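A short worksheet on the structure shown next.
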Amino acid sequence: MIILGSLILICVLLLIGVSVPLAFGGVLIFISVFGGHDVSGFMPTGHWKVSSLVLLAIPLFILAGAIMERGRIAAPLVSLAELMVGHIRGGLSAAAVVASGIFGAISGSAAATLTCIGSIMMPHLRKANYPEGMAAALIVSASPLGLLIPPSSSQILYAWTTQQSVLKCFLATVVPGLILIVMLCIVNFVMLRKVKDLKIGRVDGNFSVEFRARGLKAMPALMMPVIILGGIYGGFMTPTEAAGVAVVYAIPIGFFVYKGLTKENFFPTLRYAGTTIGVVMMMVFMVLIVSQFLVFENIPAMAKDLIYSVSDNPIIILLMVNLVMILIGMLMDDISGLLLSAPLLLPIVQSVGMDPVHFAAVLGVNLGMANITPPTAPLLYLGARVTETPVNKMIKPTLLMIAFAWLPTLMLTTFIPQIALWLPTAIFG
């Protein structure tokens, strides 16, 4: 009854708009008062886990993402993507998807990807007569690519929580991310087939000359994931060290190459990143304590028995696990959803033979999709503010992209293990 009451309480608190750290704090108070548990006994474990050196990568990547966002590093990436596909009918919106994938590989953050790409691309899409709601929905639907294309903060957390290799978890989401880019572009072209007055981009001058010019301008930004991922997979840096290098690299690029950073906005950027880091780490601390309580009460085993009481068919079990993850992700952000669902659901998927690294990709796609799925859909509402588009215009096209891009990607990732495991196996054996 205490567990059931806790689940109901957290759903109610999140639905009425209480922030995630405070919502989980309310659950801890409820457990302490009505469950007879001394929550202080879980505090040292939460503090010890949050103090892990591996988790230092998360605030560093958040800081790097904030510097990239204010440093105008996304603009040359968008320009290059627009040149590559903008001359095709519907290519300008496809460029937004491709640019989201590229910037996601740099920032590792869905929110940063949405803010940067949305603010740059939406004025171009409006000027080219793209339907406002559809264009904004596409940008929002592509923003979780920042959670799939490595480096990804959520995959660092998953690997740390489940004691898996961070590098393997990074690689597990690459192919699902590429599939999602293709699926979103296909849905985009289909949805635009009846729009008559779309403007098609033109290349002024020689294409190769223009490509060389824009490519050179984008090169410092494109070098960032090369340096980070090359250092990690080459064995020169740990993910935490790579995050530190990302910060050190982003500052001079933002100041002297793209000149988005100035003396006036640099320290506000640091304050903004510090506030975000404080919220995220407090949220990690609170959710970790609740997760420890669930493990202490043997809830993962109870959840496994409950699912097996419905069916012992592996396909049905995996579909039920996906449904649970979607529901969790609809109520909370990707980090808290991951910390809550990973220890709860990993024993269940392992019982039907799913590799933990494969589950990393399934979880990443699930939580990315859930963050754009109503009713809570934090990225959907953020996208409405960034693109200055009413949410009611975005709902229908967003649901279509979920149905025909995100769900097929999720099903392929879930039921074809090699989509997630091919790269980790090819590199690490």
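The values are calculated or read from the model by the stated rules, or taken from the named source; none is laboratory data. Predicted, not measured: the structure shown is a model, and the values here were computed from it. With ideal geometry, Cβ positions are generated from the backbone for all residues, glycine too; neighbour counts draw on all protein chains shown. Accessible surface is based on the protein model in full, side chains and every heavy atom, while ligands, DNA and RNA are left aside. Shrake-Rupley method; radii C 1.70, N 1.55, O 1.52, S 1.80 Å.
Some values worked out for this structure:
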| item | result |
| --- | --- |
| Between 0 and 90°, nearest 10: helix 20-34 axis offset from the chain longest Cα axis | 10 degrees |
| Calculated FRET value between residue 279 and residue 427, using beta carbons and R₀ = 30 Å, to 0.05 | 0.30 |
| Residue 182 versus residue 22: modelled label distance in nm, points set 7 Å from Cα along the beta carbon direction | 4.6 nm |
| Amide H within-cut-off set for residue 258, under 5 Å, with H built and near neighbours excluded | none |
| Farthest positive-ward along the chain dipole, Cα basis, beta-carbon charges - from 265, 280, 425 | 265 |
| With Cα atoms, 0 to 90° folded angle of helix 334-351 axis to the chain main axis | 60 degrees |
| For segment 224-241, Karplus couplings with θ = phi - 60° (6.51, -1.76, 1.60), whole Hz, Gly/Pro x | 4, x, 5, 5, 5, 6, x, x, 5, 6, x, x, 8, 9, 7, x, 5, 5 |
| Residue 327/residue 256 FRET efficiency (R0 45 Å; Cβ-Cβ; nearest 0.05) | 0.45 |
| Packing-based order for 218-231, 303-316, using average beta carbon neighbours within 10 Å, highest first | 218-231, 303-316 |
| Dipole axis of the chain (+1 Lys, Arg; -1 Asp, Glu on Cβ), positive-most option in 375, 36, 359 | 375 |
| Exposure rank, largest accessible area first [87, 37, 358, 47; 1.4 Å] | 47, 87, 37, 358 |
| Test item: Cα-centred dipole of the chain, Lys/Arg +1 and Asp/Glu -1 on Cβ, debye | 1420 debye |
| Eligible lysines near residue 217 by straight Cα distance, threshold 18 Å, same-chain separation 8 or greater | 259 |
| Degrees between helix 174-191 axis and first principal axis of the chain (Cα, 0 to 90, nearest 10) | 60 degrees |
| Calculated FRET efficiency for the pair residue 217/residue 352, C-beta based, R₀ 35 Å, to 0.05 | 0.10 |
| Length released on extending from residue 395 to residue 316, taking residue separation times 0.36 nm less the Cα-Cα span | 25.5 nm |
| Solvent exposure ordering (accessible area, 1.4 Å, most first) of 100, 79 | 79, 100 |
| Distance between modelled label sites at residue 119 and residue 295, nm, 7 Å Cα→Cβ extension | 3.9 nm |
| Listed peptides 2-11, 106-115, 156-165 by packing density, highest first (mean Cβ within 10 Å) | 106-115, 156-165, 2-11 |
| Calculated from backbone phi, Karplus (6.51, -1.76, 1.60) coupling profile of segment 101-108 in Hz, x at Gly/Pro | x, 5, 5, x, 5, 8, 8, x |
